[in-house]
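Report on the following structure.
The values are calculated or read from the model by the stated rules, or taken from the named source; none is laboratory data. What you see is a predicted model, and the numbers here were worked out from it, not measured in a lab. No Cβ is skipped: glycine too gets one built from the backbone with ideal geometry, and neighbour counts run over all protein chains shown.
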């Protein structure tokens, strides 16, 4: 039996990289073996089966919340919603319902009491727990309180008790091993399996003829995404008379909204062609990528950098940093690598792709030539790590990122 922890992907229509990964795992793994999706209830401190609404969000989040919104968590991840789930959803007692042959796959981070319960579950039942590790970016910024840092550290320590941890980049794997060493944790088995690209290959554009002078930036409003430096660079170019439109796509976080939203509003009041599309559905996201001239991903550090790969998949160059996991994706071609911590460097990169047609065309050609990992290839590798034979052999796709 395979249990899949879908906690952050079945409560609300939030659709950042981790949720998209989990939802795709549920869809594609289900073609190979029976899956029982489970959701952790923070109030009841237990796993629960999904109800009709949770299952619908897991399968089609935008069918539940189709309109663009600033913070999709407002519907589904509230105190009252959690109490309702506790009252009306059936509890899954893994300690009584599992055996050593069973597997629990945890594809998202957690910082609640699971940091204690999951290692205890392994000791009691012998169940194999496998995690997908994204990054420890939260520990790199001073925003976290001491208590929050301790919770995140406990999460990292708990991973060491698992049967295996699958990291989404070499950067994230190296970071995890380094932190285990710092904490004195004995490392478990790790491997690196970068994300596939989720988009249907049938919609991949053959060229960039539809591109206009619109620059897209896809990513949630949070500190490490570095939007404020990017907006400062854009304003510098607008003041110099450069003509371009800017579209921002992504949800906002509570803690960063007081800094980010006023910056957006100030530019809009000055008449700058800046639009914040908020958290949008997949069709709108596709159209943003297809219609932009190029994208900018100013994030300081990532576990992977999915918007870079998505931009390249659409044949659109991306301006980004070259450090860590960002560089792992960017160095294959199609990216203009800059010092994303510098307002001047970002501005120079944007100006370059706006005015230098030769460089722009070269990067477009490189982007369209990139080959990306398919979900069939990823699932085949994942089944090997889970030690579960696939139902039927599949032809592996070319893997690059």
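Tabulated results
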{"read-out": "Some residue of segment 343-360 being surrounded by 17 or more Cβ atoms within 10 Å (Cβ to Cβ) and at pLDDT below 95", "value": "no"}
{"read-out": "Counted residues, segment 261-307 - those being part of a loop (DSSP other than H, G, I, E, B) and within 24 Å of residue 335 (Cβ to Cβ)", "value": "11"}
{"read-out": "Subset of segment 10-35 [under 17 Å from residue 130 (Cβ atoms) and either buried (at least 17 other Cβ atoms within 10 Å of the Cβ) or in contact with a helix residue (DSSP H, G or I) (Cβ under 7 Å, 6 or more places away or on another chain) (or both)]", "value": "18, 21, 22, 24, 25, 26, 28, 29, 32, 35"}
{"read-out": "Residue within segment 278-286 that is in contact with a helix residue (DSSP H, G or I) (Cβ under 6 Å, 6 or more places away or on another chain) and modelled with pLDDT of 95 or more present", "value": "no"}
{"read-out": "Strands (runs of 3 or more DSSP E) (entirely within segment 1-51) containing at least 1 residues that are within 21 Å of the chain's Cα centre (by Cα) and in contact (Cβ under 8 Å) with a residue 60 or more places away in the chain", "value": "2-5, 35-41"}
{"read-out": "Residue in segment 369-376 that is assigned to a helix (DSSP H, G or I), in contact with a helix residue (DSSP H, G or I) (Cβ under 7 Å, 6 or more places away or on another chain) and surrounded by fewer than 17 Cβ atoms within 10 Å (Cβ to Cβ) present", "value": "no"}
{"read-out": "Number of positions in segment 41-77 that are within 11 Å of residue 10 (Cβ to Cβ) and touching a strand residue (DSSP E or B) at 6+ places or on another chain (Cβ under 8 Å)", "value": "6"}
{"read-out": "Residue that is surrounded by the fewest Cβ atoms within 10 Å (Cβ to Cβ), among those in segment 249-260 that are touching a residue at least 12 places away in the same chain (Cβ under 8 Å) and outside any loop (DSSP other than H, G, I, E, B)", "value": "259"}
{"read-out": "Filter result for residue 4 (in contact with a helix residue (DSSP H, G or I) (Cβ under 9 Å, 6 or more places away or on another chain) and surrounded by fewer than 20 Cβ atoms within 10 Å (Cβ to Cβ))", "value": "no"}
{"read-out": "Residue check for residue 310: touching a residue at least 60 places away in the same chain (Cβ under 8 Å), within 26 Å of residue 69 (Cα to Cα) and in a helix (DSSP H, G or I)", "value": "yes"}
{"read-out": "Helices (runs of 4 or more DSSP H) wholly inside segment 67-181 that include at least 3 residues being outside the structural domain of residue 261 (by TED's automatic domain parsing) and free of Cβ contacts under 8 Å to residues at least 12 places away in the same chain", "value": "79-88, 146-159"}
